[in-house]
Amino acid sequence: MNSLLRRFLMVEWSGILAAIILGSALLAWLSPAFLTEFNIYVMLRSFCVALLVGFAQMVTLAVGQMNISVGALGGLVAVLAGGMMEKLGVPMILAIPAAIAIGALCGLLNGVLTERTGINGFIITLATASAFTGINLGITQSIPFYNMPPGLVAFGSDRFFAFPYLMIAPIIATILLGLFLSRTVPGRHLLAVGGNPHAAELSGISRGRITILAHTLSGTLAACAAILAVAQLGSAQPTIGSDWLLLSFAAPIIGGAALTGGHVSVLGTTLAVILIALIENGMVLAKVDPYWVQFVLGALILAAVWLNRWRAVKTGTD
Amino acid sequence: MVLAREEFMKLLCDAIRGLAASSILAGLATFGVVGLAQASDNKIALIPGGPHPYFAPWEQAAADAKKDFGIAAVDFKVPQEWKLNLQTELVESLAAQGYTAFGIFPGDAVGINSTMTELKDSSIPSAALAGCAQDPTDAAFCLGTDVYNSAYLGTKELIKAMGGKGAIVHLAGLLVDPNTTLRVKAVETAVGETNGEVTLLQTVADTDAQEAADQKINALLAAQKDEIGGMIATGYIPSVVASKSLRTLGDKRIKFIGIDDDPIVLEAIKDGFVAGTMAQNPYGQGYIGAYVLDLLAGGGCTIKEDATWIETPQTKRFIDSGTLVINADNLTTYKDDLKKVTTDIQSSFKDKYLTCK
């Protein structure tokens, strides 16, 4: 039994999983509504966009880069998708792939600028974030596109018992990303460049191409998150993505990603997003005083990170 | 799709025609061939705190005020983000470009005061529109929604819709906004007046971002929908999100009073998911604001110190721009009602609040 527990604790995300189990048990005890079908649906639904946002940042962290434009890019893709469908009458089946392609192009732009100029990706994406937001506001003048196709809106709100259909997309993305990072050559190259760029280059891996690939992937994932947000909200709001930045870093880092690159965890990031969704849901259920919500949220996230750190030190996997 | 292209081409042609016409006129004016008669040569800027759909009617208000009052320019200028420094930089840049008066929504009620003082020192009048600057301020006046009264009346309306008893939830906006505190107090006061018949179950705040609001409001409904008899939203975003959530839930038992007239809220009123919404008068704020600023900037009028101002916790010079409840009965006519309110305030403003030569 002891060895089973020890083996469990050796896993890097076991601390987060323990926090999720403890938190869920506490919330179920505090509020009977926590385990209702509708509440589980609400949590899973809020988890969908957040997970893709976390992944969008995670892939740039994998190569030791950052994408500050994750939210701005998402906002731009959301309004472009909305604009195409409402103003130009483009069918959903064409508008969505087109919008995701635009997201990938924006990511490609981030990658190419970072690589060709030699300027740190942080600065490049900081600048492009401003540009993407500017285009967003220039197009919408802060007025949302309201008339989204009923099929898209239904996809964002319909469910099978507690399972939101919206969740199909992040499940597919998680599996594909997991396979990409663990089983494909470019995926392994991504982590190799992040872990030791010099050694990777000596092994014949093109650092530039891999950096561009990471940013393009990041743009694609942020664009997918934006489409899900449009479906979830039922309208293409120019504010989509405005509060993604903090979450985009929190999820992969709580999940075990190294800020210096070379190590990320798809499962860890997924569990971190579940934990954040759980804490946010718990704040409302526990009727925390609105003036103290931010403090409690920060304190609980710190506690979860500390729990995982304590586990790592105790098991010698630090 | 065809229609959209035709519209686009038409707009493009209109724009080219307009550009050509204005170029010709500008050329003629330069050579003194024609002189465009203006009642006033003031240039007025209407500046919101940042991009937000609430302020969209200011653009039309600016265009109408320019035309109706013969003002040289009334322009709607939006700071890139909701940040005080971006707003003040925009104001300073426009002042340097020759703008002679400013109608400003103070995103930061205290922080904007130093800029308003700078403007006053340069003999440029400014007014707080849609929200007030905190006294002591050099804003000439504040024309906006009496947020306390609006939240109070909204809660009363909600209590009426609930049959005078039950538990309510308040969906509030940004906690850093001093108006949120006023709204929280107003809801508590209205609930307190029911002698325990209505209770305030919870206040959910910081719901001013779409995605955060969606998560919080749905979590609230998931946890307590059977206990909740009614909800009141005092922020634009939670009002929209709650309307959509109640529609998704298919719940017409929970009574809901929102704020502002976003199409999603109006549609939900039409379909019976929302009992009503508290209309504000953003168009009137921009239109009347531009009119009065023109009078002040021309130097012909000054503020009447002993006028019958409304005193609020923020300022001693407040004018209510009008609040009314939109419900199923006046859904199609409320815009006319607001227009009448605007006309009434504008036509009596000079006599009530100004001293003119």
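The values are calculated or read from the model by the stated rules, or taken from the named source; none is laboratory data. The structure displayed is predicted, hence computed values, not measured ones. FYI the Cβ positions are ideal-geometry reconstructions off the backbone, even for glycines, and counts take in every protein chain you see.
Is it the case that A:Ala257 is under 22 Å from A:Gly194 (Cβ atoms) and either more than 8 Å from chain B (Cβ to nearest Cβ) or in a helix (DSSP H, G or I) (or both)? Spelling it out, A:Ala257 is indeed under 22 Å from A:Gly194 (Cβ atoms) and either more than 8 Å from chain B (Cβ to nearest Cβ) or in a helix (DSSP H, G or I) (or both).
Within the range A:93-135, take every residue that is polar (S, T, N, Q) and under 28 Å from B:Pro51 (Cα atoms) and give me the one that is surrounded by the most Cβ atoms within 10 Å (Cβ to Cβ).
Only one residue tops the list, namely A:Asn110.
If I ask for residues that are more than 10 Å from chain A (Cβ to nearest Cβ) and at pLDDT 95 or above, which ones from the range B:170-185 would you list? The answer is B:Leu171, and nothing else. Residues that are surrounded by fewer than 24 Cβ atoms within 10 Å (Cβ to Cβ), more than 8 Å from every other protein chain (Cβ to nearest Cβ) and part of a helix (DSSP H, G or I) within the range B:203-242 comprise just one, B:Tyr236. When we screen A:Leu302, A:Leu246, A:Leu278 for residues that are within 14 Å of another protein chain (Cβ to nearest Cβ), in a helix (DSSP H, G or I), without any contact (Cβ under 8 Å) to a residue 60 or more places away in the chain and not charged (D, E, K, R), the only hit is A:Leu246. Filtering the range A:5-41 to residues that are surrounded by 13 or more Cβ atoms within 10 Å (Cβ to Cβ), in a helix (DSSP H, G or I) and aromatic (Phe, Trp, Tyr) leaves A:Phe8, A:Phe34, A:Phe38, A:Tyr41. Exactly one residue out of A:Thr220, A:Thr211, A:Thr140 is farther than 20 Å from A:Ile102 by Cβ and either in contact (Cβ under 8 Å) with a residue 60 or more places away in the chain or touching a Lys or Arg at 6+ places or on another chain (Cβ under 9 Å) (or both): that is A:Thr211.
Within the span defined as the range A:260-268, one or more residues are outside any helix (DSSP H, G or I) and hydroxyl-bearing (Ser, Thr, Tyr).
Residues satisfying the criterion are present in the range A:202-225 (criterion: modelled with pLDDT of 90 or more and within 12 Å of chain B (Cβ to nearest Cβ)).
Of all residue pairs spaced 6 or more apart or on separate chains, those with beta-carbon atoms under 6 Å, a first member in the range B:40-66 that is hydroxyl-bearing (Ser, Thr, Tyr) and a second member that is part of a strand (DSSP E or B) are B:Ser40/B:Ile71.
If you filter the range B:123-147 down to residues that are within 11 Å of B:Thr315 (Cβ to Cβ) and among the polar types (S, T, N, Q), you find that the one that is surrounded by the most Cβ atoms within 10 Å (Cβ to Cβ) is B:Thr137. Just one of the listed residues (A:Pro91, A:Pro97, A:Pro150) is more than 14 Å from every other protein chain (Cβ to nearest Cβ) and without any contact (Cβ under 8 Å) to a residue 60 or more places away in the chain, and it is A:Pro97. Checking every residue in the range B:57-67 against the condition of being surrounded by fewer than 22 Cβ atoms within 10 Å (Cβ to Cβ), modelled with pLDDT of 95 or more and part of a strand (DSSP E or B) gives zero matches.
Here's the yes/no breakdown for (1) assigned to a loop (DSSP other than H, G, I, E, B); (2) surrounded by fewer than 24 Cβ atoms within 10 Å (Cβ to Cβ); (3) away from chain A (no Cβ under 14 Å); (4) of a type outside the set (Ser, Thr, Tyr):
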site	(1), (2), (3), (4)
B:Asp261	yes, yes, no, yes
B:Ile264	no, yes, no, yes
B:Thr277	no, no, yes, no
B:Asp294	no, no, yes, yes
B:Asp306	yes, yes, yes, yes
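In the condition set (1) away from chain B (no Cβ under 14 Å); (2) out of contact with any Leu (no Cβ under 8 Å at 6 or more places or on another chain); (3) assigned to a helix (DSSP H, G or I); (4) buried (at least 24 other Cβ atoms within 10 Å of the Cβ), A:Leu51 is compliant with all but (1). In this structure, is A:Ile205 in a helix (DSSP H, G or I) and among the β-branched types (Val, Ile, Thr)? It is false that A:Ile205 is in a helix (DSSP H, G or I) and among the β-branched types (Val, Ile, Thr).
Annotation for the range A:79-90: no member residue is in a helix (DSSP H, G or I) and more than 24 Å from A:Phe155 (Cβ to Cβ). For A:Gly241, state whether it is buried (at least 24 other Cβ atoms within 10 Å of the Cβ) and at positive phi. Yes.
Just one of the listed residues (B:Leu86, B:Leu119, B:Leu90) is surrounded by fewer than 18 Cβ atoms within 10 Å (Cβ to Cβ), closer than 26 Å to B:Thr315 by Cα and among the aliphatic types (A, V, I, L, M), namely B:Leu86.
Checking A:Asn136, A:Asn147, A:Asn67 one by one, the residue that is over 27 Å from A:Leu191 (Cα atoms) and part of a loop (DSSP other than H, G, I, E, B) is A:Asn147 and no other. Of all residues in the range A:117-137, those satisfying the criterion of being more than 11 Å from every other protein chain (Cβ to nearest Cβ), of a type in the set (Ser, Thr, Tyr) and touching a residue at least 12 places away in the same chain (Cβ under 8 Å) are A:Thr125, A:Thr128.
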